[in-house]
Every structure is written in structure tokens, then in C-alpha cells.
Amino acid sequence: MFINWAQQEITLKIVYYGPGLSGKTTNLRYIYSHIDASKRGELITLNTKEDRTLFFDFLQLEVGKILGKKPRFNLYTVPGQVYYAHSRRIILSGVDGIVFVADSQRERMEDNLNTLLDLEQNLITMGRTLQDMPLVLQFNKSDLPNSANFELLQQRLNFYRVPHFNSVATTGIGVFETLKMIINQVVNHIQSHA
Amino acid sequence: MNLGHGGNGQSIVLTGEMYKEISEILSELASKTRARTIIFSDMNGHAITQRGVTGEIDISAMSALAAGGFSATAEIAKIIGEKKQFKYIFHEGENSNVYFSNVGDNFLLVLIFSSETALGMIRIYTKRAIDALTELLSSANEEEKKASQFVNFDFNKYLNEELDKAFNF
């Protein structure tokens with residue numbers, strides 16, 4: 001979070017975290033292409049030649065002034081693949097809220113769980129905890145025939161009982177609902193903690 | 001002013017007076033170096049302020065990339081056994097050069113200048129600006145204003161109205 005009293009600006013950092021190919025970049029792409037150009041910056045993607053996220057994606061959103069104050073939201077994704085652990089830690093620096101994008105397919109349950117544990121571990125090394133972090137779970141690819149049922153996903157992944165959404169990021173189902181929820185979680189957190 | 005806890009990246013709250021003094025140091029640096037653009041941001045990638053020609057540059061993207069790049073090279077420093085992060089990073093282009101330096105653990109200064117400008121001059125004046133900024137930022141009182149004062153409860157309600165408009169709900 002960055003607050004500039006002179007300019008009446010507040011900038012919040014929201015990170016989309018999750019296993020490889022769960023749809024983090026797809027969330028950002030959908031937001032980028034369905035929000036008015038005056039309310040967003042360019043979408044920055046640092047990809048490998050195979051179009052996988054190498055370092056991070058970045059998109060800044062700006063809504064109108066609120067009571068004279070200008071809120072900005074910096075959205076980041078992390079690279080999901082296991083061996084980019086260092087990059088994930090770098091991107092988490094200064095995070096205000098996290099969207100965990102899980103892959104709903106049954107065979108990805110272990111990957112989801114391992115990435116969630118990786119997230120928790122990284123937060124702990126930064127002196128923070130998952131429990132005290134504004135967090136929203138997104139069960140993506142919920143339209144696929146091999147997706148696990150909602151109860152199972154909840155039971156296995158949502159141990160802190162945080163807000164959650166089923167989503168299909170490719171068509172936008174659940175994408176803006178998730179984003180609105182995490183922004184609300186972050187603002188509520190600031191009001192009650194900071 | 002709450003400078004947070006460095007690389008752990010807690011919140012940074014900048015008061016009006018502090019912002020004014022930072023702006024003055026950057027203006028001085030801009031006039032001395034004739035750098036095309038100067039950006040001051042934090043290590044979490046939030047742009048704080050800028051000087052010079054900025055119209056064609058996406059400042060927020062530049063800050064995010066600069067912070068990411070700086071953090072990545074800090075990891076390289078660790079791997080080769082350096083105790084501290086590198087003091088600066090220099091990129092040389094055909095027409096423009098970019099000079100990145102850290103200001104303490106929490107902030108970052110980016111200078112974009114013509115490839116015809118002497119690097120030595122950029123280094124000298126940037127060093128002076130960094131010293132001034134470091135002194136200024138370290139003299140700040142902790143937590144003069146809290147973030148919760150900035151976003152009160154009315155803020156929430158109006159924010160949701162704006163979000164609904166932006167997201168076409």
C-alpha cells in the first residue's frame with residue numbers, strides 16, 4: 001500500500017497467486033479487455049517464448065475520485081511453475097490482498113494445495129500470515145467436465161473460510177466478482193487494522 | 001510518515017511536507033543532469049512522483065518493472081555472495097540510457113537520459129540526490145498519519161459504486 005496525502009492518492013497491490021496454468025493471466029487479460037481504456041493502464045506481461053509467465057503480469061486500474069481521493073489498484077500475477085519460487089517471493093513484497101486462483105480439475109488438487117502451502121510459507125518468511133491476509137479463493141475452470149465438486153474444493157482448499165467464487169476466466173464468469181470482493185476485503189482490512 | 005519494514009513491504013504513508021521535499025530534490029536533480037525523465041518509486045513498485053517528460057511513458061508500469069528488476073538483481077547479488085544489493089543498474093540503449101539506483105532499502109530512483117549525456121555526470125548528481133533523499137526519509141517521524149484515516153467508512157460505500165460502474169455491474 002502506498003498513500004500520498006499531498007496528492008490524495010492510495011495505491012493498493014493485489015496479487016493473483018496459484019499453480020501453473022490455473023488462469024491467473026487469463027483473469028488479468030479478461031479485466032484488461034473488458035474495462036474502459038480510461039480506467040486502466042497497459043497490460044504488461046513478462047513471458048517465456050512458450051507464452052508462460054516468466055516473472056509477472058501487471059495491470060493498473062483506476063476508478064473515479066472518491067470523496068476527493070484517488071484510488072489505484074496494481075494487479076500482479078506470479079509465475080505458477082514450481083521452479084519460479086524466487087520470483088513469486090519478489091512479487092509478494094508489499095502485497096495488500098491475494099486472489100488464489102485454483103484449478104478446479106480433480107487431478108490438479110495436489111498442485112493447488114502445494115501452491116497454497118508455498119504461499120503461506122512465503123508470507124511467513126515476510127513476517128506475515130495467510131490468516132491475517134485479505135484473501136479470496138477462485139475455483140477456476142469450473143465448467144470442465146473433470147472439475148471437482150464445489151464441496152470438495154471448499155473442504156480441501158478453503159481452510160480459513162474466506163470468500164470464494166466459481167469461475168471460467170476465459171469467458172469472464174466470476175472474474176469481476178472476484179476482483180470486487182478482494183478490493184472490498186483489502187479496504188475493510190485497512191479500516192480495521194492499519 | 002510510516003516507512004514500513006523494507007523488503008517485507010509494509011505500507012508506506014507519505015505526508016504532504018515529505019512529498020514536497022522529495023519533489024524539490026528531484027527537481028534539482030532534473031535541472032542538474034538534464035535527464036529526460038526521473039521517476040521515484042518504492043520497492044513494491046508503486047510510483048511516487050516523477051519529473052521531466054512523462055507523457056509517453058507509462059509511469060506505473062515503469063515503476064512495477066523497475067522494482068521487479070531491482071529485486072531480481074538483488075537475488076543475483078545474494079547468489080554471488082554480495083552482502084548488500086547492487087547500488088545501481090545501468091541499461092544502455094541506442095538513443096536512451098536508463099540508470100536505476102536504490103534509495104535505502106525501500107525506494108528506487110530511475111533516470112532516463114539521452115545516450116549522449118555523460119554517465120559520470122549522472123552518477124555524481126544522482127549520488128547527491130540519493131544522499132539527500134536518504135537523510136530526508138530517515139529523519140521522518142514514524143506513523144504521523146494512519147492509513148485507516150485515509151479510507152473511512154463512507155469511502156467504502158462510494159468505492160463500491162465506482163467499482164460497479166467500472167465493471168459494468
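Please tell me the relative contact order of segment A:1-159 in percent, rounded to the nearest whole number, where contacts are Cα pairs under 8 Å and at least six residues apart. That works out to 26 percent.
Treating each Cα of segment B:29-107 as an identical point scatterer and ignoring solvent, apply the Debye formula and state log10 I(q)/I(0) at q = 0.17, 0.27 Å⁻¹. Taken in order of the listed q values, log10 I(q)/I(0) reads -0.70, -1.43.
Backbone amide hydrogens, once placed in the peptide plane, bring A:Leu54 within less than 5 Å of A:Leu46, A:Asn47, A:Thr48, excluding anything fewer than 5 places away on its chain.
If packing is taken as the average number of other Cβ atoms within 10 Å across a peptide's residues, how do A:63-69, B:43-49, A:40-46 rank, most packed first?
Values: A:63-69: 14.7, B:43-49: 26.3, A:40-46: 17.4.
So the peptides A:63-69, B:43-49, A:40-46, ranked by packing, come out B:43-49, A:40-46, A:63-69.
Under a model in which nothing but the beta-carbon of Lys, Arg (+1) and Asp, Glu (-1) is charged, chain B shows a dipole of about 460 debye around its Cα centre. Compared with the dominant Cα axis of chain B, that is its longest principal axis, helix B:16-33 is turned about 30°.
Over all projection directions, the Cα-based convex hull of chain A averages an area of 11.1 nm². In order along segment A:49-54, phi translates into HN-Hα couplings of 4, 8, 6, 9, 5, 8 Hz, rounded to whole numbers, per the Karplus curve 6.51 cos²θ - 1.76 cosθ + 1.60 with θ = phi - 60° and x for Gly and Pro.
Might you tell me the accessible area per residue for chain A, computed with a 1.4 Å probe and given in Å²? Please list the in-between numbers first.
On the way: 7660 Å² over 194 residues.
That works out to 39 Å² per residue.
Mean per-residue shielding of peptide A:175-188 is 3, counting Cβ atoms of other chains within 10 Å of each Cβ. Residue pairs exceeding 19 angstrom between C-alpha atoms, taken from B:Lys20/B:Lys84; A:Lys13/A:Lys69; A:Lys65/B:Lys165; A:Lys13/A:Lys39: B:Lys20/B:Lys84. Accessible surface buried at the A:B interface totals approximately 4500 Å², computed with a 1.4 Å probe on protein heavy atoms.
Put a dot 7 Å past each Cα toward the Cβ at B:Ser114 and B:Glu162; how far apart are the dots in nm? It works out to 4.0 nm between the two label points. Using the alpha carbons alone, the radius of gyration of segment A:1-100 stands to its Kirkwood radius in an Rg to Rh ratio of 1.00.
Summary of the geometry: segment A:22-81 and segment B:100-137, compared by the centres of their Cα atoms, lie 29 Å apart.
Solvent-accessible area per residue for segment B:1-132 at a 1.4 Å probe radius, Å²?
Accessible area per residue, segment B:1-132: 48 Å².
Using the charge dipole of chain B (Lys, Arg: +1 at Cβ; Asp, Glu: -1 at Cβ; taken about the Cα centre), state which of B:Ala67, B:Phe153, B:Asn95 has its Cα farthest towards the positive end. Toward the positive end, the furthest listed residue is B:Asn95. Which trypsin sites (Lys or Arg not before Pro) in segment A:88-171 sit in a loop by DSSP (not H, G, I, E or B) and have at most 15 other Cβ atoms within 10 Å of their own Cβ? Answer by residue number: A:Arg161. In segment B:6-166, the portion of solvent-accessible area held by carbon and sulfur atoms comes to 49 percent [1.4 Å probe, whole percent, DNA, RNA and ligands not counted].
Each part gets one Cα centre, and for segment B:12-41 versus segment A:151-189 those centres are 39 Å apart. Computed from backbone phi with θ = phi - 60° and the Karplus coefficients 6.51, -1.76 and 1.60, the 3J(HN,Hα) list for segment B:44-58 is 8, x, 8, 5, 9, 7, 8, 9, x, 6, 10, x, 8, 9, 7 Hz; x is used for glycine and proline.
Over 19 Å apart at the Cα level, from the set A:Lys70/B:Lys157; B:Lys32/B:Lys87; A:Lys24/A:Lys70, are B:Lys32/B:Lys87; A:Lys24/A:Lys70.
With contributions of -39500 (n - 2.57) from each DSSP H run of at least four residues, the per-residue ellipticity at 222 nm computed over chain A stands at -10000 deg cm²/dmol. With coordinates expressed along the principal axes, the C-alpha atoms belonging to chain B extend over 52, 35, 35 Å, beginning with the largest.
Set against the 2.2 N^0.38 Å expectation for a compact globular protein, segment A:1-54 has a Cα radius of gyration ratio of 1.43. Kirkwood hydrodynamic radius of the protein assembly as shown, from the reciprocal of the average inverse Cα-Cα distance over all distinct pairs: 21.2 Å. The amide H of A:Gln105, built 1.01 Å from its N in the peptide plane, has A:Ala148 as neighbours under 5 Å, considering only residues 5 or more places off or on other chains.
The values are calculated or read from the model by the stated rules, or taken from the named source; none is laboratory data. If you're wondering where the values come from, they're calculated on a predicted model, not measured in any experiment. Virtual Cβ from ideal backbone geometry, glycine too; neighbours counted across all protein chains shown. Ligands, DNA and RNA are stripped out before the accessible areas are found, and what is left, the full protein with its side chains, is counted by its heavy atoms. Shrake-Rupley method; radii C 1.70, N 1.55, O 1.52, S 1.80 Å.
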